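The values are calculated or read from the model by the stated rules, or taken from the named source; none is laboratory data. Source: prediction; values computed, not measured. Ideal geometry is used to build each Cβ from the backbone, glycine not excepted, and the neighbour counts take in all protein chains shown. Heavy atoms of the whole protein, side chains included, go into the accessibility calculation; ligands, DNA and RNA do not. Shrake-Rupley method; radii C 1.70, N 1.55, O 1.52, S 1.80 Å.
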Amino acid sequence: RVGTTSRCFRPALFIMGEAGPSERKTPTFKAMSQPLNLWAKDQEENYQTELASAKFKSSLIDSAQAKKQSETKKADADLDKIAKEMLEIENERPSLPVSPRRYTTDATEQRLFQMMEAHGGAYSVLTGEGRTIINSILGRYSDGTGEALYLAGISGDPITRDRVGNQTGPEEKTIYDPCLNVCIMVQPDKALELIASPAMQASGLVSRIWRNELPPTAGTREEGVNESGLNPFALDDYNQVVTKILDTAPREEPHKAKLNQKVREARRQFHNEIERQLCVNGALSDVADIAGKCCSQTVKAALVFHITDNPSALNSDESEVSMETWIQAEAIGRFHLQESVRLQRLASGDILVEKCKKVAQWLISKNIRSFKKVELMRSGPRPRLNKNDAKDVLAYLIDYGVVVKLNKNSTYTVNPGLFKKGSQIARVARTPLEIEELKINSHPATLATLATSNETLPPVQKCEFNDFKKVDNIQTTTLLDFM
């Protein structure tokens with residue numbers, strides 16, 4: 001763990017990469033975690049030996065305590081003396097060694113707390129398939145949401161666990177200095193579900209996530225004749241640094257990295273630059289929760305860069321972060337601030353739109369001209385829509401003239417314009433200000449929605465489907481591509 005002398009920061013970050021299917025997320029994570037796995041395997045033999053020895057000694061102590069406890073049945077037994085002797089025996093019980101594995105790919109909140117406690121509060125969650133982690137955070141496997149441990153672990157706040165316990169008494173445990181790092185890869189739909197969650201926004205978890213929307217590469221990775229393949233030595237430097245850090249002997253007190261005077265001044269200016277934009281009507285006032293945490297997140301990144309550049313510094317009590325390291329960290333901090341703000345603003349209301357996009361794509365790809373609600377739920381795009389989601393999606397599509405409900409048997413007919421290039425589908429407006437447009441730009445059709453602008457399109461000349469009303473004086477906005 002690393003800190004600054006004026007204010008302690010643990011280098012704990014939550015980084016989320018977002019990439020679609022077939023983008024090779026799993027191989028990337030396998031390569032990234034390789035030095036962690038190799039190091040753990042090297043330690044496994046010693047760990048198992050120490051574990052077996054500790055368990056054996058513990059069994060001897062159990063036997064000694066059982067023998068001593070049997071003495072309490074004697075009529076003249078000195079209970080106070082026996083209790084004292086049993087306590088002395090218990091104090092000889094060895095602690096079980098800690099597993100050399102430094103991360104988990106999937107764990108409940110309760111189990112994650114146990115692993116963090118066993119490792120002195122420092123642990124990590126790393127996986128190339130982060131759907132189960134997000135489901136756990138959103139509370140899919142419990143009665144409530146599960147972000148509290150992640151929030152405390154990233155922020156460094158003390159974590160307590162107080163339970164009724166069992167016959168041995170209540171359970172009272174505390175992690176005073178947690179340091180939880182999270183790095184996961186997820187598909188965009190699951191990332192959007194987390195980011196758009198009102199509960200996650202209100203708790204502050206969303207504002208602590210550094211998001212990376214990775215560009216798609218599927219379809220562009222053609223192999224050449226006699227291609228040599230990936231360079232197996234490309235990550236050698238990375239592997240050596242990670243191994244060197246893992247080999248560093250544990251310290252009673254964490255190593256502290258100071259920010260020198262120039263770096264402190266650069267950090268102050270960076271902080272003030274952001275702070276000025278948080279005022280009412282400021283450029284970042286609508287995303288103050290995200291922007292307000294950017295500077296501290298950047299300091300954490302600087303500490304990580306500092307140690308990866310100087311892993312031997314961990315053997316000393318203190319070290320100093322250079323200006324060069326801060327410049328690199330600030331560049332990363334600015335990038336993530338820009339991306340997080342952009343993606344957060346896009347996330348508002350986008351979950352329903354994303355579901356509608358998938359349904360529109362499904363209708364086009366399957367050339368479906370009519371369907372029932374139950375067919376959409378059973379055979380529609382994955383993930384399947386539940387009853388409430390299907391209701392919301394269909395209402396949205398009806399509102400925009402994409403489908404129409406013709407009878408009481410839940411049969412929906414698709415606007416033929418969805419399948420034709422250049423046709424227009426107009427939303428039936430409730431007020432003049434609500435008049436919006438959907439347009440098909442290409443085939444497979446690109447369904448677009450209206451947002452904000454004052455330009456006026458020519459009136460719709462023709463609506464090819466009689467059940468869709470014609471609208472005049474359509475106002476346009478930025479077109480959001482349904483594809």
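Which one of these is touching an Asp or Glu at 6+ places or on another chain (Cβ under 6 Å), of a type outside the set (Lys, Arg), in contact (Cβ under 8 Å) with a residue 12 or more places away in the chain and buried (at least 16 other Cβ atoms within 10 Å of the Cβ): ALA191, ALA196? Going through ALA191, ALA196 in turn, the sole match is ALA191.
Within segment 53-70, is there a residue that is part of a strand (DSSP E or B) and open to solvent by less than 90 Å² (accessible area, probe 1.4 Å)? Can you show your working first?
Taking segment 53-70 and keeping what is part of a strand (DSSP E or B), we get none.
Checking segment 53-70: not a single residue is part of a strand (DSSP E or B) and open to solvent by less than 90 Å² (accessible area, probe 1.4 Å).
The condition of being modelled with pLDDT of 95 or more and within 42 Å of the chain's Cα centre (by Cα) holds for only one of ALA52, ALA118, that being ALA52.
Looking across ALA283, ALA313, one residue alone is closer than 20 Å to VAL241 by Cβ and either open to solvent by less than 60 Å² (accessible area, probe 1.4 Å) or without any contact (Cβ under 8 Å) to a residue 40 or more places away in the chain (or both). It is ALA313.
Considering only residues in segment 205-259 that are farther than 27 Å from ALA301 by Cα and hydrophobic (A, V, I, L, M, F, W, C), the one that is modelled with the highest pLDDT turns out to be VAL225.
Condition check for ARG211 on (1) in a loop (DSSP other than H, G, I, E, B); (2) surrounded by 20 or more Cβ atoms within 10 Å (Cβ to Cβ); (3) of a type in the set (Lys, Arg): one failure, at (1).
Against the test of being at pLDDT below 95, under 26 Å from the mean Cα position of the chain (by Cα) and hydroxyl-bearing (Ser, Thr, Tyr), the options SER22, SER70 yield a single qualifying residue, SER22. Take the conditions under 30 Å from ALA31 (Cβ atoms), of a type in the set (Lys, Arg), at pLDDT 90 or above and in a helix (DSSP H, G or I) and apply them to LYS262. Does it pass? Spelling it out, it is not the case that LYS262 is under 30 Å from ALA31 (Cβ atoms), of a type in the set (Lys, Arg), at pLDDT 90 or above and in a helix (DSSP H, G or I).
Suppose we keep only residues that are in a loop (DSSP other than H, G, I, E, B) and more than 25 Å from GLY20 (Cβ to Cβ) within segment 103-115. Which one would you say is least open to solvent (accessible area, probe 1.4 Å)? I'd like the intermediate steps shown before the answer.
Kept after step one, since they are in a loop (DSSP other than H, G, I, E, B), are these residues of segment 103-115: 105-108.
Those left that are additionally more than 25 Å from GLY20 (Cβ to Cβ): 107-108.
Working: ALA107: 12, THR108: 77 Å².
Among them, the one singled out is ALA107.
Here PHE270 clears all of (1) in a helix (DSSP H, G or I); (2) modelled with pLDDT under 95 except the condition numbered (2).
The C-beta contact set for segment 242-264 (first residue more than 16 Å from SER319 (Cβ to Cβ), second residue outside any loop (DSSP other than H, G, I, E, B), distance under 6 angstrom, 6+ apart or interchain) comprises VAL242/PRO35; THR243/PRO35; THR243/TRP39; LEU246/TRP39.
Kindly indicate whether ALA313 is out of contact with any helix residue (DSSP H, G or I) (no Cβ under 8 Å at 6 or more places or on another chain) and in a helix (DSSP H, G or I). Before you say what the answer is, go through the steps one by one.
Values: out of contact with any helix residue (DSSP H, G or I) (no Cβ under 8 Å at 6 or more places or on another chain): no; in a helix (DSSP H, G or I): yes.
Here the answer is no, as ALA313 does not meet what is asked.
Yes/no matrix, rows are residues, columns are (1) part of a helix (DSSP H, G or I); (2) open to solvent by 90 Å² or more (accessible area, probe 1.4 Å); (3) closer than 30 Å to ARG264 by Cα:
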| residue | (1), (2), (3) |
| --- | --- |
| ALA329 | yes, no, yes |
| VAL341 | yes, no, yes |
| PRO383 | no, no, no |
| ASP389 | yes, no, no |
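Restricting attention to segment 143-166, the residues that are open to solvent by less than 30 Å² (accessible area, probe 1.4 Å) and touching a Lys or Arg at 6+ places or on another chain (Cβ under 6 Å) add up to 2.
Tell me which residues, restricted to segment 116-135, are assigned to a helix (DSSP H, G or I) and open to solvent by less than 20 Å² (accessible area, probe 1.4 Å). Reasoning before the result, please.
Here is the first cut: in segment 116-135, the ones assigned to a helix (DSSP H, G or I) are 116-118, 131-135.
Correct list: MET116, ILE133, ILE134.
Checking the stated criteria, LYS84 turns out to be surrounded by fewer than 16 Cβ atoms within 10 Å (Cβ to Cβ) and assigned to a helix (DSSP H, G or I). Contact map, segment 53-73: first residue touching a residue at least 40 places away in the same chain (Cβ under 8 Å), second residue surrounded by 11 or more Cβ atoms within 10 Å (Cβ to Cβ), Cβ cut-off under 7 Å, separation 6 or more or different chains; pairs are ALA54/PRO94; ALA54/LEU96; ALA54/PRO97. For segment 291-346, a tally of residues being more than 22 Å from the chain's Cα centre (by Cα), within 20 Å of ASN181 (Cα to Cα) and of a type in the set (Val, Ile, Thr) returns 2.
Here GLY139 qualifies as assigned to a loop (DSSP other than H, G, I, E, B) and in contact with a Gly (Cβ under 6 Å, 6 or more places away or on another chain). Among the residues of segment 185-204, just one is touching a Ser or Thr at 6+ places or on another chain (Cβ under 9 Å), at pLDDT 90 or above and assigned to a loop (DSSP other than H, G, I, E, B), namely GLY204.
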